[in-house]
């Protein structure tokens, strides 16, 4: 692992660029992205489908799918407050195996795709405990030069899995642990995925659209559950990825808005919703259905750009109602418009009142 000194953020992403090398050309899927996740916070990442949210989340675990590649930038992880940070981009595959599950866990979007259909769910949770114990055993072997290492038996962790199901509020966990994924409801399968992610006791839990396929009542239950787990210190921080601004407003402390692979705006949830600065953020909020029947929806004109042939300058300028000449030529950089509020927009940079 490569250690460097950094600030005391749990995760600090700096000038991250991720490209996909396709037959049509190079798709600049993530363009110069910067953000940090602090210890103890829930950080939201929102934007339209295809804006790069999931690619960013997978980069934190070194899981960029082929033909993607991190071309530049750093992802600095500080597992424990006061310790040195690790640059995930420079980690070897072996080092990444130690990080995945133990330091960073992920709840994937589709439980039917993430769960093994021919394994009982209790065994799938127990397997995570088994793998993490095995990795920790390897670490102990190499750090202390022990003469040997006895591989633990997976069966001993089934009781841990059942206990974790109890923590997640699942009634009759002994029975549920013996069931297969197809025997469970969507909300129950999502709780199993949460259990698998928690089995490694991660510092950071990534929720990648984990509630998108659930109905509203189950969504609320999952959100309350995740918040409770953070308050109980079972996890330190959460990266909550969603396209649902309502869920983000209810659950997150800070919010980042992405568009076409670029970061538009970052700030505390009240500021983002009450005083949005970027035209894209404003357009997203105006597109949310209101309670009043007289209020008309305001869809964002145009289409999400093709990232193989992305617009020059600000990527949102072809759809922006406040476009200036400079927006087409130059890429705006993030600048502060408040204590903890940043925006990447030439219009706001030129506003002398900010």
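The values are calculated or read from the model by the stated rules, or taken from the named source; none is laboratory data. Just so it is clear, the structure is predicted and the values come from calculations on it, not from any experiment. All Cβ positions, even for glycine, are placed from backbone atoms using ideal geometry, and neighbour counts span all protein chains on display.
With respect to residue 298, determine if the residue is farther than 24 Å from residue 68 by Cβ and loosely packed, with under 12 Cβ neighbours inside 10 Å.
Considered against the rule, which asks whether it is farther than 24 Å from residue 68 by Cβ and loosely packed, with under 12 Cβ neighbours inside 10 Å, residue 298 comes out as no.
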(request) Scan region 295-330 for residues that are under 17 Å from residue 32 (Cα atoms) and touching a residue at least 60 places away in the same chain (Cβ under 8 Å) and jot them down. (result) 307, 308, 309, 310, 315
(request) Among the residues of region 164-184, write down those that are surrounded by fewer than 16 Cβ atoms within 10 Å (Cβ to Cβ), touching a residue at least 24 places away in the same chain (Cβ under 8 Å) and over 18 Å from residue 227 (Cβ atoms). (result) 178, 179, 180, 182
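This table checks each residue for (1) modelled with pLDDT under 90; (2) in a helix (DSSP H, G or I); (3) touching a helix residue (DSSP H, G or I) at 6+ places or on another chain (Cβ under 7 Å).
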{"position": "276", "(1), (2), (3)": "no, no, yes"}
{"position": "281", "(1), (2), (3)": "no, yes, yes"}
{"position": "296", "(1), (2), (3)": "yes, no, no"}
{"position": "301", "(1), (2), (3)": "yes, no, yes"}
{"position": "327", "(1), (2), (3)": "no, yes, yes"}
{"position": "348", "(1), (2), (3)": "yes, yes, no"}
{"position": "353", "(1), (2), (3)": "yes, no, no"}
(message) On the basis of being at positive phi and within 27 Å of the chain's Cα centre (by Cα), does residue 200 make the cut?
(response) no
(request) Output the residue which, of all residues in region 51-69 that are touching a helix residue (DSSP H, G or I) at 6+ places or on another chain (Cβ under 8 Å) and in a loop (DSSP other than H, G, I, E, B), is farthest from residue 92 (Cα to Cα). (result) 65
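Can you tell me which of 175, 194, 206 is in the same structural domain as residue 243 (by TED's automatic domain parsing), touching a strand residue (DSSP E or B) at 6+ places or on another chain (Cβ under 6 Å) and within 16 Å of residue 121 (Cα to Cα)? So that I can check it myself, show each step before the final result.
Numbers: 175 fails: touching a strand residue (DSSP E or B) at 6+ places or on another chain (Cβ under 6 Å); 206 fails: within 16 Å of residue 121 (Cα to Cα).
Result: 194 is the single residue among 175, 194, 206 that is in the same structural domain as residue 243 (by TED's automatic domain parsing), touching a strand residue (DSSP E or B) at 6+ places or on another chain (Cβ under 6 Å) and within 16 Å of residue 121 (Cα to Cα).
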(request) Can you tell me which residue within region 270-283, out of those that are touching a strand residue (DSSP E or B) at 6+ places or on another chain (Cβ under 8 Å) and within 13 Å of residue 321 (Cα to Cα), is surrounded by the fewest Cβ atoms within 10 Å (Cβ to Cβ)? (result) 281
(request) Scan 267, 261 and give me the residue that is surrounded by 24 or more Cβ atoms within 10 Å (Cβ to Cβ) and out of contact with any helix residue (DSSP H, G or I) (no Cβ under 8 Å at 6 or more places or on another chain). (result) 267
(request) Considering only region 82-97, state which residues are farther than 29 Å from residue 22 by Cβ and loosely packed, with under 12 Cβ neighbours inside 10 Å. (result) 82, 83, 94
(request) Confirm whether residue 102 is under 19 Å from residue 206 (Cα atoms) and in contact (Cβ under 8 Å) with a residue 12 or more places away in the chain. (result) yes
(message) I need a count of the residues in region 194-213 that are in a loop (DSSP other than H, G, I, E, B) and under 16 Å from residue 55 (Cα atoms).
(response) 2
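Looking at 233, 291, can you tell me which residue is at pLDDT below 90, at positive phi, out of contact with any helix residue (DSSP H, G or I) (no Cβ under 6 Å at 6 or more places or on another chain) and part of a loop (DSSP other than H, G, I, E, B)? Full working, then the answer.
Numbers: 291 fails: at positive phi.
Just a single option satisfies the conditions, and that option is 233.
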(message) Going by what's in this entry, would residue 132 be described as buried (at least 18 other Cβ atoms within 10 Å of the Cβ), at pLDDT 90 or above and in the same structural domain as residue 233 (by TED's automatic domain parsing)?
(response) no
(message) Of the residues 60, 16, 45, only one is in contact (Cβ under 8 Å) with a residue 24 or more places away in the chain, over 14 Å from the mean Cα position of the chain (by Cα) and buried (at least 19 other Cβ atoms within 10 Å of the Cβ); which?
(response) 16
